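The values are calculated or read from the model by the stated rules, or taken from the named source; none is laboratory data. These numbers were taken from a predicted model, which means no experiment stands behind them. Please note: Cβ atoms are built from the backbone with ideal geometry, for glycine as well, and neighbour counts cover all protein chains shown. Only protein heavy atoms, including side chains, enter the accessible area calculation; ligands, DNA and RNA are left aside. Shrake-Rupley method; radii C 1.70, N 1.55, O 1.52, S 1.80 Å.
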Amino acid sequence: MPAGDITILLQRAEEGDVQAADQILPLVYDELRKLAAAKLAHESAGQTLQPTALVHDVWLRLGGDAQPTWQNRAHFFSAAAEAMRRILIENARRKNAVRHGGEFEKLSANATGFDLAGPELGNPALLLLNEALDNLALHDARKAELVKLWYFIGLTVEEAAQTIGISERTALRDWAYARAWLMNEMDRLC
């Protein structure tokens, strides 16, 4: 669906149009579901979070049925990117917690002779990226927002640039800068 249509529906819903409000959820739900599936496809093999569950969590964090006032599509997807990032980070932290076996190495049940699977480990690199991204946001908020939209939501360069309101060329320059900055910051944090 074109970006303007969602913005128009958001504006009509804000004005009290019940039909517009009812049309928003199916439109953004399908789009968020595709983005979540694409994002989770790049996660580690031990990832237990499913795209549908991720979208439901994002929707609830954004307010569920009592959605706040969204200025436009960009505002909505920026909030969704932040919510998705926080959910993935919380999931990684939970898996790395000592009580969930975060300090132990995962072993195959066949290698130990037991029939039980070993504990799943979270992604420590994701936690490191999160800390570096928070630091980038303090340094340059626009570049951090681009990373969230591109990496955590899975938008294309064109879509992320359009959402932020910059040109595709600027988005590519910002991405190159942010990527180098984040790599340096993650090295520093290690």
Within region 10-45, the residues that are modelled with pLDDT of 80 or more and open to solvent by 90 Å² or more (accessible area, probe 1.4 Å) are Gln19
Sole miss for Asn110 among (1) farther than 27 Å from Leu189 by Cβ; (2) at pLDDT 65 or above; (3) not in a loop (DSSP other than H, G, I, E, B) is condition (2)
What do you reckon, is Gln71 modelled with pLDDT of 60 or more, in a loop (DSSP other than H, G, I, E, B) and farther than 23 Å from Glu159 by Cβ?
-> no
Say whether the condition of being modelled with pLDDT of 80 or more, hydrophobic (A, V, I, L, M, F, W, C) and under 27 Å from Ala161 (Cα atoms) is met by at least one residue in region 89-97.
-> yes
Before we move on, is Gly63 modelled with pLDDT of 65 or more, part of a loop (DSSP other than H, G, I, E, B) and within 19 Å of the chain's Cα centre (by Cα)?
-> yes
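Quick one: would you say Leu49 is modelled with pLDDT of 80 or more, more than 22 Å from Ile164 (Cα to Cα) and under 18 Å from the mean Cα position of the chain (by Cα)?
no
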